[in-house]
Structure formats: structure tokens, C-alpha cells
Amino acid sequence: LMASLGRILLRRRALDCSDEGTRFARCLSTLDLVALGVGSTLGAGVYVLAGEVAREKAGPAIVLCFLIAALSSMLAGLCYAEFGARVPKTGSAYLYSYVTVGEIWAFITGWNLILSYVIGTASVARAWSSTFDNLVEQKISFFLRTSMAMEVRWGVLAEYPDLFALIIVLLLTGLLAFGVSESALINKIFTGVNLVVLGFIIISGFVKGDTDHWNLTLEDFVNTYPNDTNTSSGFAPFGLSGILSGAATCFYAFVGFDCIATTSEEAKNPMRSIPVGIVASLLICFFAYFGVSAALTLMMPYYLLNTQSPLPEAFNYVGWAPARYIVAVGSLCALSTSLLGSMFPMPRVIYAMAEDGLLFRGLSRMNTRTKTPLMATIVSGCVASLMAFFFELAALVDLMSIGTLLAYSLVAICVLILRYQPGTLSSSSQTEKLVELVGGEKVARGDSGDKYGLDLEDRPLREKFTPRRLLFPSGALPTKTSGNIVYATTAIISVLITVLCVVLAGKLGELVEVQPVWVTVCVVLALLCALCVILIWRQPESKEALTFKVPLLPWLPLFSVFVNIYLMMQLDMATWCRFAVWMAIGFAIYFFYGIWHSSAAASSTPGKYEPSLPSLFVAVPLIVSPWCPAAI
């Protein structure tokens with residue numbers, strides 16, 4: 001029974017990468033994808049976050065915080081870029097998980113991505129409303145507070161319903177339902193305005209800035225705050241711990257580029273455009289964050305920054321007070337593109353899950369004229385607008401982090417696994433002759449092995465596992481045995497990384513005090529992780545030609561997993577309790593509907609290669625899925 005359940009939960013979606021047919025309109029260029037990624041990632045955080053981190057955590061060293069955060073985000077971005085080159089289908093991390101690690105993990109990923117996008121949309125909509133309200137001197141909030149105040153709040157309802165946030169979400173829902181080309185055009189306009197404003201801020205900062213603000217003395221601080229001794233002088237007044245803490249906060253400023261991965265069926269050339277779009281958007285965002293944070297800390301001392309509105313305060317400090325209106329325009333444009341970036345991928349993930357049968361199939365209904373996922377767009381837009389209208393979202397924002405970081409981790413794991421497997425993801429008639437290069441006593445000509453220039457007699461037959469194979473594989477091409485070694489080792493290292501992150505997050509004080517027990521635990525875990533990395537590194541990589549590949553395997557994907565899980569461990573218990581409630585709702589939908597209506601179940605046919613897995617791995621309580629079927 002457990003083995004049967006394990007096969008059901010880990011069944012994978014068959015994917016035909018050679019199929020160019022799509023129900024979407026292929027109308028997005030590489031520039032459209034770059035604009036979508038930049039607009040989604042470079043939101044209002046650039047106007048607020050830089051001041052908050054500089055003032056409270058890092059001082060002028062905030063530029064290093066953004067550098068570290070950008071490098072960490074780039075790891076996840078590179079993994080997404082490789083999968084974009086592999087899988088030209090809509091669905092993002094949900095689909096990547098489905099074709100690699102199985103159905104249950106795909107559902108978990110997709111279900112949490114939906115939560116992230118809904119909360120992100122609602123929270124950005126309320127921020128847009130608040131920013132506009134500030135421009136009109138709080139007249140909107142005053143009217144709503146006096147005429148529509150909610151007396152019973154239950155700890156989650158807002159002080160008053162945000163009518164403006166409701167309207168803006170519904171308007172953008174209509175825009176997205178109307179067509180992708182129109183949405184992309186609006187996004188490019190707002191993103192362009194935002195970049196122009198940021199360019200003005202950066203140039204102004206370097207023109208009006210003072211390099212002495214990057215080398216302040218303790219006397220400067222004491223003269224301003226004589227009773228506060230919780231700082232020091234120099235470029236990094238809060239030290240290394242402040243830089244690392246600030247980098248963890250700045251990491252979330254780069255969240256949003258993954259929306260590009262949901263456009264695979266709408267991009268004109270997805271296998272090229274998606275990798276280029278992801279990498280280019282992250283680079284542009286890094287230079288923008290780096291430039292704004294440098295300009296801000298050059299214009300005025302970091303300890304005088306206003307954490308709520310740092311840029312208007314900085315321009316006022318240098319005598320350019322009217323520039324606050326330019327900043328306000330840029331902030332509204334940034335919020336608009338960020339809102340559009342949250343709303344754009346949401347219906348596409350819902351559509352992909354509904355088309356696969358894991359969610360109600362009615363949600364996969366398309367508009368045949370505009371070729372957009374109409375029902376998923378309307379339903380997700382209505383839910384997000386109601387959340388923005390009624391709820392105070394500050395307590396729910398951390399839930400976004402779980403979904404995003406889980407998706408990042410799974411994509412990194414999937415990239416690592418696939419690069420060491422025989423065969424390809426394609427299930428077309430040409431490659432169905434041989435799903436793996438070895439694994440049978442007969443090998444057909446014309447299979448995926450021929451493109452590597454191997455003659456029939458030169459190919460190895462199925463090899464038997466021996467301990468020697470852990471460090472000395474039989475050849476330069478992956479086999480089923482070497483692939484299984486990578487699966488098992490990935491499972492083990494995922495557990496080790498999770499435990500290590502739990503210890504680092506929960507026992508940091510003891511580690512700083514160099515308590516022998518916890519230091520020994522960390523050293524042992526680190527050594528075991530290093531051993532697993534060596535075992536994976538020794539296995540042969542696939543020679544499959546891709547338009548983009550993640551470099552430095554297996555180091556980069558595993559380091560990305562470590563960063564993501566460590567950040568997840570920083571979330572408080574209340575957030576994990578809310579996550580458990582959300583997952584309970586999701587599992588109810590999956591086990592009462594999705595598992596019975598899954599397209600993967602309907603497409604399973606006798607005689608087709610289907611890997612079997614020990615059911616033990618279904619029950620492994622991992623935050624990140626470490627295991628998937630033994631041959632791709």
C-alpha cells in the first residue's frame with residue numbers, strides 16, 4: 001500500500017519539449033521579459049528599503065548588503081534560467097518540480113506560489129493606495145476611516161476597508177484579461193519612468209553627495225545623539241554582523257524575477273529569452289539598488305535617514321526639496337509595475353495546475369480571442385482585491401517568503417538532479433525509444449545517445465552498483481546507476497543542510513560563544529555535506545545541449561539551497577503555524593480532488609517507462625524535496 005501511494009505521489013508529468021503548440025499568444029520579446037522582471041523586482045523597496053537598512057543595520061555598508069544579496073539571488077536566478085532553457089512551458093517552479101521530483105512536491109510548490117502572489121498583490125495594492133493617499137494629504141484615508149471604519153477587527157482585519165486598493169487590483173485584472181501585449185506595453189512604460197527617476201536619484205546623489213558621509217567619526221554621531229552609544233564609526237558602523245543582517249533583509253528586494261519563468265508559452269523564443277531576461281533583470285536591479293543606496297548614504301549621514309521616506313528627506317537635506325515630487329512619481333510607477341508583476345504570474349500558475357487536474361479544471365478556461373487564462377485571472381484577481389480591501393496584511397507578508405524560498409530551493413534541487421541524469425526531459429516518439437542511455441540490454445539506433453557520437457557497441461550495458469562507483473564512475477556519460485547515486489546523495493545532503501540551518505538559526509548564540517557541543521555538531525554536519533558534494537561532483541554530467549547552463553555544479557545549486565533554507569529558518573513560529581493552516585487547506589484539495597483528477601494518472605500507460613521509488617522517501621519530512629524518480 002505504501003509503495004503504491006509512493007508511486008502515485010511521485011508520479012511525474014510527461015513533457016514533450018518538441019511540441020511548439022500552445023493555447024497562449026507568443027507575443028513577448030526579450031525586452032518585454034526584461035521589463036517584466038525589472039518592474040516586478042524593482043518595486044517600492046528601492047525607495048524605502050535602502051533607508052531602513054542603512055539606518056538600522058548597516059550604515060554606508062548597505063552597498064555591500066545589496067552586493068551580497070544580489071549574488072545570493074543570482075544563484076536562484078541562474079537555476080531558473082537553466083530550467084527556462086529546458087522547459088518552454090508555462091508554470092514556473094510548479095512545472096519544473098512536476099517534471100522532475102513528482103506530483104506532491106509540484107502541488108506544494110504551486111500552492112505556496114499562489115499564496116505568495118495573492119498576498120504580494122494585496123500588500124502592494126495597499127502600499128499603492130497609501131502612497132497616493134500621502135500625495136493628497138491623507139484625505140482618502142480620513143474619509144474611509146470616518147465613514148467605513150470596521151469596529152470588529154479580529155486581529156487580521158484592517159482599520160478600514162481600502163476601497164482604492166480594491167479598485168486598482170480590479171482595474172489591473174481587467175487589463176491582464178484584455179491581453180498580454182497591452183499589459184506588457186503598460187509595464188514597459190511604467191518601468192521606463194521608474195528607471196529614469198532612479199537614474200535622476202543616483203546622479204543627484206553623486207553630484208550633491210559628500211564622501212565624508214562614508215567615513216563618519218564617532219564624534220559626529222555623539223554630537224547628534226549624545227545618549228546613544230549603540231554604534232561605531234567608519235564605513236561599516238554595525239560591523240560584519242550588521243552587514244550580514246542587512247544582506248538577509250536586502251535579499252527579499254530581489255524577489256520577483258521568477259515571474260519571467262511563467263511566460264514560457266507567451267515568449268517568442270523562450271529558450272533564449274527567459275535565461276537572458278532573468279539574468280539581465282537581476283543585473284539591472286542590482287545596479288539600481290547599489291546606486292540608490294550609495295547616493296542616499298552620500299547625500300546625508302546614515303543615522304539621520306528617515307526610515308519611512310528616506311529619499312524625500314535626503315533631497316530636503318541637500319536643499320532640493322521639490323525633488324520629492326519626482327520621487328513620488330517614481331514610487332507610484334514602481335508600485336504599479338510591482339503590482340502588475342505580482343498579478344501576471346498568479347493566474348498562469350493556477351492555469352497550469354488546473355490544466356493538470358490538481359486544481360479544479362474550470363480554472364483552466366482560456367479566452368480564445370485574447371489567449372489569456374480568463375477564469376484564473378478573474379478568480380485570482382477577485383481574491384486578491386478582497387484581501388486588499390479587508391485585511392491588514394503586515395502579519396501575513398512573511399508567508400510570501402516561505403513560498404518563494406521553497407520554490408527557489410526546489411528549482412535548484414531539480415537543476416542539480418537533471419544535470420546528472422541520462423536521457424532528456426522530452427517524451428516525444430524519438431526519445432521514447434530510449435529514456436536513458438543505459439538500462440536495458442538492447443539499445444535502439446536513433447536514440448538520444450547517437451548525438452554524442454557513440455556507436456552501438458561502444459555503449460555500456462546496465463552497470464551493477466558497487467561502492468567503487470561512488471567515486472569512480474564507469475564512463476564519461478551518466479547512467480542509471482550514477483543517476484541513482486545523485487538522487488540518494490541529494491536526499492541526504494538536503495536533510496543535512498536543513499539540520500545545519502536549524503542549528504545555525506536556533507543556536508547562534510551558543511556558536512558565537514564557541515560552546516564545544518554545538519560547534520562540533522556544525523563541523524560534523526559541514527563535513528558530511530562536503531562528502532556528499534564530492535560524491536555528486538564525481539558523477540558524470542549530461543552532455544545535453546542547452547542554450548544556458550548553471551556553472552560550477554554542484555556547488556552553486558547547493559549553496560543556493562543553503563541560503564534559501566537558512567532564510568526560511570529565520571521566520572518566526574507564528575508564520576510557520578499560518579503556513580501549516582494553508583498547507584492543510586491545500587492537502588484537503590489535493591487528496592479529495594487533485595489526486596483523483598490528475599492528468600499524470602490518466603496519461604500513465606502500460607509498457608511506458610515509469611520509475612519506481614521506495615515509499616520511504618515519500619515520508620521523509622523535508623522542507624526541500626530531495627528525491628525524484630530514478631530516470632528522467
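FYI, it's all coordinate maths here, none of it is from the lab. These figures come from a predicted structure and were not determined experimentally. So basically every Cβ, Gly included, is an ideal-geometry build from the backbone, and we count neighbours across all protein chains shown.
The Cα atoms of the stretch 288-349 define a convex hull whose projected area, averaged across directions, is 5.1 nm². Separation of the alpha carbons by more than 24 angstrom is noted, of K464/K549; K268/K549; K268/K543; K89/K480; K139/K188; K268/K480, for K464/K549; K268/K543; K89/K480; K139/K188; K268/K480.
At a temperature of 25 °C and a viscosity of 0.890 mPa s, determine how fast the stretch 24-96 diffuses translationally according to Stokes-Einstein, using the Kirkwood radius over alpha-carbon pairs as Rh; express D in µm²/s, rounded to the nearest whole number. My calculation gives 166 µm²/s for D.
Applying 1/(1 + (r/R0)^6) with R0 = 41 Å to the Cβ-Cβ distance of S241 and V397 gives a FRET efficiency near 0.95. Comparing I493, F559, T547 along the charge dipole axis of the stretch 484-560, the residue lying farthest to the positive side is T547, per the Cβ-charge model. Positive contributions from Lys and Arg (+1) and negative ones from Asp and Glu (-1), summed over other residues with Cβ under 15 Å from the Cβ of A376, come out at +1. Note on V533 and Y317: the model spin-label points, each 7 Å out from Cα along the C-beta direction, lie 4.0 nm apart.
Placing one equal scatterer on every Cα of the stretch 37-169 and applying the Debye formula, the log10 ratio I(q)/I(0) at q = 0.13, 0.15, 0.19 Å⁻¹ is -0.86, -1.01, -1.15. For the pair F360 and L511 in one chain, pulling the backbone fully straight at 0.36 nm per residue adds 49.5 nm over the alpha carbon distance. For the stretch 328-395, the Kirkwood estimate of hydrodynamic radius, built from reciprocal distances between every pair of different alpha carbons, is 13.3 Å.
So what's Rg/Rh here for the stretch 169-323, counting alpha carbon atoms and using the Kirkwood radius for Rh?
Values: Rg = 20.0 Å, Rh = 18.6 Å.
Dividing the radius of gyration by the Kirkwood radius yields 1.08.
With no solvent and one point per C-alpha, what does the Debye sum give as log10 I(q)/I(0) for the stretch 235-357 at q = 0.18, 0.21, 0.23 Å⁻¹? Values returned for q = 0.18, 0.21, 0.23 Å⁻¹ are -1.10, -1.29, -1.40.
In a shell of Cβ-Cβ distance under 12 Å around L31, excluding L31 itself, what net charge do Lys and Arg (+1) and Asp and Glu (-1) give? Intermediate results must be reported in sequence, preceding the final value.
Values: positive: K188, K268; negative: D32.
Neighbour charge sum, excluding L31 itself: +1.
Taken one residue at a time, the phi angles of the stretch 327-336 give Karplus couplings (6.51, -1.76, 1.60, θ = phi - 60°) of 4, 5, 4, x, 5, 5, 5, 5, 5, 5 Hz. Gly and Pro are set to x. In the neighborhood of G246, defined by Cβ-to-Cβ distances under 14 Å, what is the net charge if each Lys or Arg adds +1 and each Asp or Glu adds -1? For residues surrounding G246, the net value is 0.
Principal axis analysis of the Cα atoms in the stretch 466-590 yields extents of 49, 47, 30 Å, listed in decreasing size.
Residue by residue, the stretch 397-414 carries 3J(HN,Hα) couplings of 4, 4, 5, 4, 5, 4, x, 5, 5, 4, 5, 4, 5, 5, 5, 4, 4, 5 Hz when phi is fed to the Karplus relation 6.51 cos²θ - 1.76 cosθ + 1.60 (θ = phi - 60°); x denotes Gly or Pro. A Förster distance of 25 Å, applied to the separation of the beta-carbon atoms of T307 and M573, puts the FRET efficiency at 0.45.
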